[in-house]
Amino acid sequence: MAKAQARTKTRRPPRIGEAPAFRNTMIAIVLTLVALVIVAPLAVIGYEAFSKGIAYFGKTIANSDTRHAILMTALTALIAVPINTAFGVAAAWAITKFDFPGRRLLLIVIEIPFSVSPIVAGVAYLFVYGLQGLFGKTLQSADVKILFALPGIVLASMFVTAPFVARELIPLMQAQGRDLEEAATSLMPAAGGHSSSSRSPTSNGRCYMASFSATRGSWVSSARSPWSQAIFVARPTPCRCISNCSITITTPSVPLPQHRSLRHSPS
Amino acid sequence: MARRILPGLPLTLGITLVYVAIIVVLPLGALIFKAASLGPEDYWRIVSSERAIASYRITILCALAATLFNLVFGLALAWVIVRYRFPGRRFIDALVDLPFALPTAVAGIALTTLFASNGWFGAPLAAIGIKVAYTPLGIIIAMAFTSLPFIVRTVQPVLEELDPALEEAGQTLGASDLEIFLRVILPQLAPALLAGLSLSFARSLGEFGAIIFIAGNEPFETEITALLAFIRLEEYDYPASAAIASVMLLAAFTMLAVTNLLQTRALRYTVKG
Amino acid sequence: MKIRLDTVVKTFDTFRAVHGVSLDIESGELVALLGPSGSGKTTILRMVAGLEFPDGGAIYFGDENATDIEVRHRGVGFVFQHYALFPHMTVDENIAFGMKVSKTKRSAAEISDRVAHLLRLVQLEGLQDRFPAQISGGQRQRVALARALAVDPKVLLLDEPFGALDANVRRDLRRWLRKIHDELGITTLFVTHDQAEALDLADRVVILDKGKIVQTGTPEEVCRAPASVFVMNFLGDANRLKVTVSGEKAQIQDVTFDVAGIADGAAELYFRPADVTWREDGHGIQATIARVIDRPDSRRVLALTTDGHSIEFDAAPEFPFRADTRGFVDIRRPRVYPA
């Protein structure tokens, strides 16, 4: 009964692990580790970025290379996100609402980019569009540049961020079931004028959320290397989005260690 | 074969298949094709070279250590976020996603700065004789940092949804807190934990951006497999790069398969007989 | 084990769930806590178990004040509303759980003997290797009971034990639970919102409304002499007629009822649909039949008295009259409560 589970200000027998000593120890340990493991790296970025003063930071940001990198990142996100969103919605719809042969296999293939190293993805793209690759000769003769240019960056970003939208939507659509949509279909007057409004508002909301997280995923992907890193964000909040942006922006101002530069790709 | 009257199977399935074919299947197919063009002997020579084997060993051992750390820390973090109410809980909850949100290269630079011998953590650690940057310990830290959210985010929803009546049942039967945790709560978290662990492990195996800054990248010492593939690429040795990348691909597939198998086993009790 | 609740009070954030409830449960008794949802019955059960602590009052197990004893040391067997079986354990393992974690060490052989015994008791032999998801609701219910009994509880507590089951299964399980109780003689307290279940099963019924006990008694006592309008209505269908009492007499049309102990003034007269005889002429309240509804074992007749009250009564399946028939309603066993 709901009333029995309602939280109470009055005396209540402790649940598992609620003994005050244990509870406080756990919280203390976890907070310390969070400070050391998560907060410290963040703090050091901020500290280093401004260690030479605001002026230096501003100069770095204004540097044409930096500006170009930020522009590329934004452009990549602007291209990759709508495509990924459309794909994610389509994939989630097909997988949750229908049964067809190979459904499970498709689900696994969609998950691959999660567990495959971004390096593998980068190398793989090289063998499709690179000079030595499947389409290399054709592309060269047609004078189309894909690798080491915006299309390559977009493709690689799409690979690493492909599963985000589908992953967010699949559990939701499963939970929601087929009844709502079926009701909508049967009630639809003629075409489908009202179909979007008769879909549950939660689905629309989550759809937006999912595309939001995908946006962030692509946005944060580094634009400077074709081995864009997968960023999967489960629960977006504006606060974190802002922090991401500032991190991405501050990135170029952190001095790169000298022993190995990543900026030179084989060409 | 649609068993329902819902519209849109051909359209949505068509979009999905075309996208997956172009973005996922085609590149990975090209990679396998390239690796296969080597011929079995050359392929074997490359993937079983001493340097490659050393890189597997380092990658796997470090990934195991990082995953083990994340198992304990991630579980504790999820537990604290779900079970306790304290000021700053929501903030901690939001911070968990940070390693996902940070470009891994940025994470690598930040961790290197922290653990360099003159860094905030590096200096005190160096004073007691522990060197982190440019050692396997650095690789472990980078791997642990980038894959931490996997375990928290897979365990957290399951922990939230656990039926409190199960714990109460354990209590009425006389079990202690520890017994209830080990015998009732943990087994129910197991499928989610396994999923989180394997995601975390797979991510650690493939991690690149965060590690290369902190690892030192000394062949046989701190050179991870992903880096080796990258070095071969820089040397224009494309087939070798493809061969090493194919090994990593195989490892990723194996992880996926093992995860599926373990999850099916762990969830066998939900199957209706 | 005798259980005593002494003016127990429980308040939750939003409202007071239990207001000073006192109750004695004799050793070996089977008692039902009966009430609508929100009446506090589950909260009382959980306080007896130790799953909630009362804010005031005390709970005694025998002579021992058990109010502050932790649930795990209280020695109660609790059957949860949705059974709360451990989903990852087989039927066997579920039943053995309490013995495995017990302070009293038992050998593996002892435990498996007792599990086998309990499986026989709850008639689930052969299902020991199934998981909870693989058995029916009624079977899960019996596993939950076996698991609770395995630790030799001093008291057995059941929260809506048949709430989630089909009507047929419910009736069978009721009879079966009564049989088990009679065999084991364990003090048992169960919560239900179903009056038929409470009357069918319990030695004594405790009727609750809004966190207070409104009547306690054997099924016969509460059925024959409902203490209030609430109890009258809650226990079953009832007809209500407005009456005026004067000099311990109530009058409707030209029919007079003796109502000893009711003060003069407005009052309400209640009677059950089964306590009516329909007459074509003679003594009774004048009424017209409005509708006849057929039921497997009777006919339910809806009638309207000449002064505008609608009443319902049960008649034999052979009842020959149809709508618009005029006649007289003869009421037996009326109950009158002050308005």
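The values are calculated or read from the model by the stated rules, or taken from the named source; none is laboratory data. Note that the coordinates shown come from a computational prediction; the quantities given were computed from them, not determined experimentally. We place every Cβ from the backbone using ideal geometry, glycine too, and count neighbours over all the protein chains shown.
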Residue within segment B:232-248 that is β-branched (V, I, T), away from chain C (no Cβ under 14 Å) and within 13 Å of B:I46 (Cα to Cα) present: yes
When residues of segment A:18-45 are limited to those that are of a type outside the set (A, V, I, L, M, F, W, C) and under 14 Å from B:L95 (Cβ atoms), the one nearest to the other protein chains (Cβ to nearest Cβ): A:P41
Yes/no for A:I170 being more than 7 Å from every other protein chain (Cβ to nearest Cβ), under 18 Å from the mean Cα position of the chain (by Cα), over 18 Å from B:L250 (Cβ atoms) and in a helix (DSSP H, G or I): yes
Qualifying residue in segment C:182-198 (condition: of a type in the set (D, E, K, R) and touching a Lys or Arg at 6+ places or on another chain (Cβ under 9 Å)): yes
Any strands (runs of 3 or more DSSP E) falling wholly within segment C:16-93 and containing at least 2 residues that are facing chain B (nearest Cβ under 8 Å): C:76-79
Condition broken by B:V158, with the remaining ones in (1) of a type in the set (V, I, T); (2) surrounded by fewer than 20 Cβ atoms within 10 Å (Cβ to Cβ); (3) away from chain C (no Cβ under 14 Å) satisfied: (3)
Residue in segment C:217-225 that is under 30 Å from C:L45 (Cβ atoms), buried (at least 17 other Cβ atoms within 10 Å of the Cβ), in the same structural domain as C:F15 (by TED's automatic domain parsing) and in contact with a Leu (Cβ under 6 Å, 6 or more places away or on another chain) present: yes
Residue, nearest to C:V222 (Cα to Cα), within segment C:264-283, restricted to residues that are part of a loop (DSSP other than H, G, I, E, B) and at pLDDT 85 or above: C:R272
Cβ pairs under 8 Å, 6+ apart, first in segment B:137-157 and among the basic types (K, R), second part of a helix (DSSP H, G or I): B:R153/B:G196
Meets criteria (at the interface with chain A (Cβ under 8 Å from one of its Cβ atoms), free of Cβ contacts under 8 Å to residues at least 40 places away in the same chain, surrounded by fewer than 24 Cβ atoms within 10 Å (Cβ to Cβ) and assigned to a helix (DSSP H, G or I)) for B:E167: yes
Which numbered condition C:L124 misses (of (1) assigned to a helix (DSSP H, G or I); (2) farther than 29 Å from C:M47 by Cα): (1)
Segments classed as helices (runs of 4 or more DSSP H), wholly inside segment C:128-201, with at least 2 members that are in contact (Cβ under 8 Å) with a residue 24 or more places away in the chain, within 14 Å of chain B (Cβ to nearest Cβ) and of a type in the set (K, R): C:137-149
Residue within segment B:202-222 that is in a helix (DSSP H, G or I), crowded, with 24+ Cβ neighbours inside 10 Å and among the basic types (K, R) present: yes
Selection count where residues are outside any helix (DSSP H, G or I) and closer than 22 Å to B:I109 by Cα, scope segment B:223-256: 2
Matching residues in segment A:44-61 - criterion: being more than 26 Å from the chain's Cα centre (by Cα) and small (G, A, S): A:S51, A:G53, A:A55, A:G58
Qualifying residue in segment C:203-219 (condition: in contact (Cβ under 8 Å) with a residue 12 or more places away in the chain, of a type in the set (K, R) and part of a loop (DSSP other than H, G, I, E, B)): yes
Enumeration of residues in segment B:184-198 that are without any contact (Cβ under 8 Å) to a residue 60 or more places away in the chain and at the interface with chain A (Cβ under 10 Å from one of its Cβ atoms): B:V184, B:I185
Segment B:15-53: number of residues that are at the interface with chain A (Cβ under 8 Å from one of its Cβ atoms), surrounded by fewer than 18 Cβ atoms within 10 Å (Cβ to Cβ) and farther than 13 Å from B:S241 by Cα: 2
Residues satisfying the stated conditions in segment C:31-66, i.e. in contact with a helix residue (DSSP H, G or I) (Cβ under 8 Å, 6 or more places away or on another chain) and more than 18 Å from C:G163 (Cα to Cα): C:A49, C:G50, C:L51, C:E52, C:F53, C:P54, C:I59
Residue within segment B:201-209 that is of a type in the set (A, V, I, L, M), under 22 Å from A:I38 (Cα atoms) and free of Cβ contacts under 8 Å to residues at least 60 places away in the same chain present: yes
Any pair with Cβ under 7 angstrom, 6 or more apart, that starts in segment C:6-24 at a residue that is under 15 Å from C:G35 (Cβ atoms) and small (G, A, S) and ends at one that is part of a strand (DSSP E or B) and at pLDDT 90 or above: C:A17/C:K10
